[in-house]
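Bear in mind these aren't lab numbers, they're just calculated from the coordinates by the rules spelled out. Note that the structure is predicted; figures quoted are calculated from it, not measured. All Cβ positions, even for glycine, are placed from backbone atoms using ideal geometry, and neighbour counts span all protein chains on display.
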Amino acid sequence: MKLAIFQMNSVDRSVDENLAIIDQACAEAKAGGGDLIIFPEMAVTGYNIGADRIRQLAQPRDGSMVQALQDIAKRNSIGVLCGFPELDGSRVFNSAALVDASGSILSICRKAHLFGDVDRAAFSAGDTLCPLVQFGEWTVGLAICYDVEFPELVRAYAVAGADALLVPTANMLPYVGVATRVVPSRAEENEIYVAYANRVGGEGAFEYCGLSCVTGPDGIDLARAAGGEEMIFADLSKDNLIRVRKSLSHINDRRTDLYS
């Protein structure tokens, strides 16, 4: 599977403008051979735009924003993972929709770990882990931004059989260590691929740090972005996954009798 990540600039735009950029990026990713493209956290609306505006823009999972992502995926014949604000009754969730190349929704993931005032003012926390999902022959887990910083969450996916973890994010300065240290560690300690799709540019008081990456199950980068808007590609290989899992043994060597 060939993954694309679009490291998107966080200029304040309308939903329609963001969807047009997402559509164009999908076309470019498809032209580059991509099977799946990952966009950042809350890419459809913007992230640090204020709780009131997020609530005004939020839509249910069967609303026009997700429908637009379905149409874009189908039109470009590429899988799409993209963040949006999900309205469910009176609650708003920081969510991401995974859509396959036919335009079918495979999963809606809700962010489980809320980061600081920016999240807690605007969102409710997801109260369950997003179930693993099949994308082609790949079993993938989904997490959003701060979620990947909790080893228990990633380990739970790995033990359940994940081959890869896909993470839309909006990570800002000074937390560059998440992209450079945490993500490779999560990949290696769990023997899975981790794809981390960040933003760049400024949004409110935040300056996003980029450094989007796809890290192999040995913790080595397959692709790494810098600090500007760009698209990166990486090939995920089942043969490589098998090879790495023969040389590493973190999952098999766990002492669950000692952990309580």
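Starting from the Cα of HIS250, move 7 Å in the Cα-to-Cβ direction to define the label point; list residues of region 138-154 whose amide nitrogen is under 14 Å from there. From region 138-154, the list is 148-154. Placing a pseudo-label 7 Å from each Cα along the Cα-to-Cβ vector at THR180 and ALA205 gives an inter-label distance of 2.4 nm. Subtracting the Cα-Cα distance of LEU106 and ASP235 from 0.36 nm times their residue separation leaves 44.3 nm of extension gain. Evaluate the Debye formula for region 115-260 with equal point scatterers sitting on the alpha carbons, no solvent, and hand back log10 of I(q)/I(0) at q = 0.20 Å⁻¹, in q order, two decimals. Values returned for q = 0.20 Å⁻¹ are -1.27. Within straight-line reach of LYS30, meaning a Cα separation under 20 Å, sit the following lysines at least 8 residues removed in sequence or on another chain: LYS2, LYS74.
Measuring from each cysteine beta-carbon in the chain, the ones with no other cysteine beta-carbon under 4.7 angstrom are CYS26, CYS82, CYS145, CYS209, CYS213. Where a Cα-Cα gap under 20 Å defines reach, which lysines qualify for LYS246, not counting those fewer than 8 residues away within the same chain? Reachable lysines: LYS238. Taking only the C-alpha atoms of region 2-247, Rg followed by Dmax gives 16.2, 50 Å.
Dipole magnitude for the chain: about 320 debye, using +1 per Lys or Arg Cβ and -1 per Asp or Glu Cβ, origin at the Cα centre.
Using a/c under 1.5 as the rounded threshold, could you call region 33-156 rounded, prolate or oblate? The axes a ≥ b ≥ c are square roots of the C-alpha gyration tensor eigenvalues, and prolate needs a/b larger than b/c, oblate otherwise. It is oblate, given that a/c is not under 1.5 and a/b is not larger than b/c. From a point 7 Å beyond the Cα of TYR259 in the direction of its Cβ, which residues of region 155-171 have a backbone N at a distance under 18 Å? Zone members listed by number: 155-165. Using the alpha carbons alone, the radius of gyration of region 180-248 stands to its Kirkwood radius in an Rg to Rh ratio of 1.07.
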